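The values are calculated or read from the model by the stated rules, or taken from the named source; none is laboratory data. What you see is a predicted model, and the numbers here were worked out from it, not measured in a lab. Here Cβ is always computed from backbone atoms with ideal geometry, including for glycine, and neighbour counts include all displayed protein chains. All accessible areas refer to the heavy atoms of the entire protein, side chains included, with ligands and DNA or RNA removed. Shrake-Rupley method; radii C 1.70, N 1.55, O 1.52, S 1.80 Å.
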Amino acid sequence: MTPSTRANWVLRIAEPETHAPVVTTRTAFTRSAAGRLLPPSAVLALAAYLRFRQLTAVGFNSDEAVYTGSAQALAGHRALESMFPIFRAHPILVQLIIAQALRISDTDWSARAVTAGFGVLAVWLTYLLGARLYGRAAGLAAAGLLAVMPYHVLVSRQVLLDGPMTCFGVLSLYCVVRAVDDAPRRWIAAAGAALGLAALSKETAVVLAGGLFVFGVVAATGRLRPRHLPIGLGVFLVVFSAYPLGVKLAGASSTGQNFLLWQLLRRANHPLWFYFTTLPSAIGPAVLLLAALALITQRSRLGWRERLLVCWTVVPALFFTFWPVKGYQYLLPVAPALTVLAAVPIARLWNTRHGVLPRRLERLPLSRGVRGALLPVAAPLLALGVMATLFVPTWQQTSPSTSTAFLAGTGGLPGGRAAGQWIAGHIPEGAQLLGGGPSIANVLEYYGDHPVGALSVSTDPRDRNPVYHPVPNPDLAVRAGEYQYLVWDSFTAARTPYFAAELRRLVDRYHGVAVYTGTVPVSTAIGAAPVPVIIIYEVHP
Amino acid sequence: MSRFRKLAALAAGCALLAVNAPAADAASGSATTTPIKHFIYLMQGARSFDDYFGSYPGADGFPAGECQKVGSGSGCVRPHSLDGQSAGLAGIDGPLIAHEVDGGRMDGFVSAFAQQDRSGQTAMGYYNGAELPTDWAAAGQYVLFDQFYSDDEFGTTANRADWVAAADPDGNRVPTGGYDELPTIFDRLQAAGVSWKFYVQDYNPKNTGLAAGKNADDQAARVPLLDYARFLDDPELRGHIEDLSQYYADLADGTLPAVAYVASSGEDEQSAHSIAAGQRLIQTMVNQLMVSRYWDSSALLWSYDQSGGWFDQEAPPKTAAGTLGLRVPAVLVSAYAKQGSIDATLSDPESALRFIEQNWGLAPLTARDADANSLTGAFDFAAAPRPARLLPGPATASAIATVAAADPRTGKAVALYAVLVAGCVVLLAVAAAATLRRNRSLAEPAGRS
């Protein structure tokens, strides 16, 4: 691409604008190949380092075990097929990709590398999106913020569907931006395809389609007109049809329908304000402040760019706030849009580096010398400062934890992998275990290759995931020899003390003998001490 | 986590470990001639071999064209599956079994009932792996005996006396005053200092043969030791008779004796309704042994005490000690048992006695066990002990509906995904390529200028 072409690109996005976007002023360095490639490459390297660093230091958590288990079933692992059905609750695009990776190398790393790779790709697409909307400095800042954001790093390091969904979501957003000023039919069709891939990663991406639809109806601009929307919507629906059609072709319709009914009727798992109390620290208060600043400073002149990003962010945020089922990672797709918004003030500050302040800041009492010394480094310092506030918690949270508890979606289950591997090596084939809850059951099933029941699975179909089997009378089940081992774990004990006590009662009643104890080191007043997190008891009726 | 909570968690964890630490394995017997240090023998109710294994692949099952005459007419009844039926045989007695055997011709299994104006159709029924998941799975993984006979054609009391003493001095009745001095394998074990126990399901210590009279259906008929005055009067000996729950406790506590006999009760599979429960009992007993510390040093045999009127093709064989009863199912499970083997050695409950006597160096009880073939041939002691593989039982919950990866239906779904994803890639590529072309064409005039 020639410099003049790039200039055309930057200029063209201003065409349908009611006010000018951030104008990029170029230096010799930024025009050079090194200037074009080095900064985004450095950001991508940082993103990759954080996403791949000590990737398998902790084992899978419950959700990861489920998705990787399904991928293993797709890869032909017969023993896991019965415990992790292929057609379970979600579309299978990501599981299919992971299955290919597992065929090459059957390790935890292979599965996590797929989603971590999608995480890095999302950072690159965020760079393109930011650059397309507000110039390269904004793209770079947005990508930098996303690269180190705890929320995005943490989720994309896990085998969850939300990372790939977010990646396809950003691609879709980028295509919409291209549709505004360039070949709207082609690009809106491409946007529909990308959004379809997002929905085939996880069906909740349908909510993102709602955000784009709101934008298209109320804020279509440039070459993009409401009449183009059906094209994108049509492509999206055709692609997304693979989900229900695939389930139907595989003859697993009842599983899908049961899961849908359960999702619609199940009780709320978190309070209404869950996201407002949990996510600010994960996204970063500084990112939220900068994004708000970008909107506030232009409140009277919000253009289609800001409207697009706001629609993309607000619609899912509102939807999942009122949707009874909440998950930590559900709002991940809004993170790239927030970083692009947060990058706007940084990019504007970068444009003052030659000493030219915006009109409203001209009256600031800054001498020419101060301006000359401060303004060239202000934007990089601000960007790096904000990144530092994100980097520290990210570093801490991606280091192996010594906690005995965790929030679903935030990391591995303490001691789960080691216990599962012990089960695989020591427990006779055909033996069944009974744990406190489905989280520990999933992890032990994945690593242990043995069925694990869960005490806390409700007998009421409205209160349980349809793929879980309840144990209506655990006492009878143990007495009848259905289970030969009971599993106590600190995670279930902290979440549901009742079932931990029930399990303890069964252990006492049926001559429980501890045959395995998994511990994690915890700092105490008397020094580091191993605290049991998982204990497996052999029981005899 | 606060410091107090951490310390509390540490203390709780240590307490959990301390309370449930494994106990040391109790010394359970003297030296053995084989790696089998623990032998358990469960006796179930009345079933014939063909009733349970007549359709088992590779076993000496139903002969081709088998059809039992109904009576003097031309009609006959072929073996038929009892799949899903709750079928039972009532009013079985010695004369009826003798009519079935018909002097070794084995042609009266239907006519014996017809003679009593009853239908004999059911006697020709058989079960298969769906109804007998535990027995069939064990046979597939370990050793099935297809020439294992009961001692007597008919009678719980007689067959159970032979089970422990290799003799039934008064046939199917307990002699007045009990068996008195008839020696049992447990006397031999006791004298040799080898630990033993007799586990009784739903054990009622008050219900003894000497107290209950001659009711052949009661607990004493199933547990011959309760027909011995010395096993009732001597607290030391009586202490060896315990409820079956103690078997599981002994497995957990490390106190499993060297030799254990087990008499089931309501789960003995004698009635059609108790088959599933009986399979579950066997499954639990075997699986619990498998998950215990004893798996590598034990063997568990179960057999059925008599045919119960069910069809079996094989005539009772004659031995030096007398004529045996009809063929019954018998399965041996052990880490040393040959894998998936069908053992055609002529065997009977005395074969187990013979094995015990050989293994612990005991003298035979009678000529029957002295002449019996031992179970030793069913083991492969040259091989390392096999890892346990738990037995399945009757289904208790509906399994999750799964579709295999190799299923063509899964293939169709995956192909659909592949086609649509490829379509998406094409759409994205077309949009990018068109834009690239357009940008190049816009750039060219600028480049020329």
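Overview of results
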quantity: Cross-chain or 6+ apart pairs with Cβ under 9 Å, the range A:276-294 first and within 11 Å of residue A:338 (Cβ to Cβ), then open to solvent by less than 40 Å² (accessible area, probe 1.4 Å) and not in a helix (DSSP H, G or I); calculated: A:279/A:328; A:279/A:331; A:283/A:149; A:283/A:331; A:284/A:149; A:287/A:149
quantity: Wholly within the range A:113-185, helices (runs of 4 or more DSSP H) carrying at least 1 residues that are without any contact (Cβ under 8 Å) to a residue 24 or more places away in the chain; calculated: A:162-181
quantity: The range A:316-356, residues that are more than 16 Å from residue A:169 (Cβ to Cβ), in a helix (DSSP H, G or I) and open to solvent by 20 Å² or more (accessible area, probe 1.4 Å); calculated: A:318, A:322, A:345, A:348, A:349, A:350
quantity: Of all residues making up the range A:461-513, the number that are of a type in the set (Phe, Trp, Tyr), facing another protein chain (nearest Cβ under 10 Å) and free of Cβ contacts under 8 Å to residues at least 40 places away in the same chain; calculated: 2
quantity: Any hit, the range B:219-227, residues being open to solvent by less than 10 Å² (accessible area, probe 1.4 Å), in contact (Cβ under 8 Å) with a residue 60 or more places away in the chain and on the phi > 0 side of the Ramachandran plot; calculated: no
quantity: Qualifying residue in the range A:214-222 (condition: facing chain B (nearest Cβ under 10 Å) and either at pLDDT below 80 or open to solvent by 30 Å² or more (accessible area, probe 1.4 Å) (or both)); calculated: no
quantity: Number of positions in the range B:156-176 that are closer than 17 Å to residue B:263 by Cα and in contact (Cβ under 8 Å) with a residue 60 or more places away in the chain; calculated: 10
quantity: Count of the range A:245-258 residues which are at pLDDT below 90 and surrounded by fewer than 16 Cβ atoms within 10 Å (Cβ to Cβ); calculated: 3
quantity: Scope the range A:172-199; condition more than 17 Å from residue B:436 (Cβ to Cβ) and more than 7 Å from chain B (Cβ to nearest Cβ); matching residues; calculated: A:172, A:173, A:176, A:180, A:188, A:191, A:192, A:195, A:198, A:199
quantity: Selection from the range B:350-378 of residues that are open to solvent by 10 Å² or more (accessible area, probe 1.4 Å) and in contact with a strand residue (DSSP E or B) (Cβ under 8 Å, 6 or more places away or on another chain); calculated: B:360, B:368, B:371, B:372, B:373, B:377
quantity: Inter-residue pairs, beta-carbon under 7 Å, first of a type in the set (D, E, K, R) and in the range B:314-331, second buried (at least 24 other Cβ atoms within 10 Å of the Cβ) and outside any loop (DSSP other than H, G, I, E, B), 6+ apart; calculated: B:314/B:327; B:327/B:49; B:327/B:148; B:327/B:149
quantity: All positions within the range A:37-76 that are within 12 Å of chain B (Cβ to nearest Cβ) and surrounded by 20 or more Cβ atoms within 10 Å (Cβ to Cβ); calculated: A:69, A:70, A:71, A:72, A:73, A:74, A:75
quantity: Whichever residue in the range B:365-395 is closer than 17 Å to residue B:322 by Cα and part of a loop (DSSP other than H, G, I, E, B) and, among such residues, is nearest to the other protein chains (Cβ to nearest Cβ); calculated: B:373
quantity: In the range A:276-304, residue farthest from residue A:348 (Cα to Cα) [restricted to those that are at pLDDT below 90 and open to solvent by less than 10 Å² (accessible area, probe 1.4 Å)]; calculated: A:303
quantity: Test for residue B:192: is it at pLDDT 95 or above, of a type in the set (Gly, Ala, Ser) and crowded, with 21+ Cβ neighbours inside 10 Å; calculated: no
quantity: Among (1) surrounded by fewer than 24 Cβ atoms within 10 Å (Cβ to Cβ); (2) more than 14 Å from every other protein chain (Cβ to nearest Cβ); (3) of a type in the set (A, V, I, L, M) - the single one residue B:276 does not satisfy; calculated: (2)
quantity: Residues located in the range B:341-395, provided they are free of Cβ contacts under 8 Å to residues at least 60 places away in the same chain and either of a type in the set (Lys, Arg) or closer than 17 Å to residue B:300 by Cα (or both); calculated: B:354, B:374, B:377, B:380, B:386, B:387
quantity: Which listed residue is in contact with a helix residue (DSSP H, G or I) (Cβ under 8 Å, 6 or more places away or on another chain), surrounded by fewer than 24 Cβ atoms within 10 Å (Cβ to Cβ) and within 22 Å of residue A:337 (Cα to Cα), from A:121, A:133; calculated: A:121
quantity: The range A:515-541 residues that are more than 8 Å from every other protein chain (Cβ to nearest Cβ) and closer than 16 Å to residue B:252 by Cβ, paired with ones that are among the aliphatic types (A, V, I, L, M) and assigned to a strand (DSSP E or B) (beta carbon under 6 Å, 6 or more apart); calculated: A:516/A:536; A:536/A:487; A:536/A:515
quantity: Residue in the range A:92-111 that is within 30 Å of residue A:380 (Cα to Cα), more than 10 Å from every other protein chain (Cβ to nearest Cβ) and of a type in the set (Ser, Thr, Tyr) present; calculated: no
quantity: Residues satisfying the stated conditions in the range B:397-449, i.e. outside any helix (DSSP H, G or I) and modelled with pLDDT of 75 or more; calculated: B:407
quantity: The one condition in (1) in contact with a helix residue (DSSP H, G or I) (Cβ under 8 Å, 6 or more places away or on another chain); (2) open to solvent by 20 Å² or more (accessible area, probe 1.4 Å); (3) without any contact (Cβ under 8 Å) to a residue 40 or more places away in the chain that residue A:194 fails to fulfil; calculated: (2)
quantity: Elements of type helices (runs of 4 or more DSSP H) contained in the range B:87-141, each with 2 or more residues being open to solvent by less than 40 Å² (accessible area, probe 1.4 Å) and farther than 24 Å from residue B:157 by Cα; calculated: B:111-114, B:133-141
quantity: Residue tally, condition under 27 Å from residue B:274 (Cβ atoms), in a loop (DSSP other than H, G, I, E, B) and open to solvent by 40 Å² or more (accessible area, probe 1.4 Å), over the range B:64-86; calculated: 5
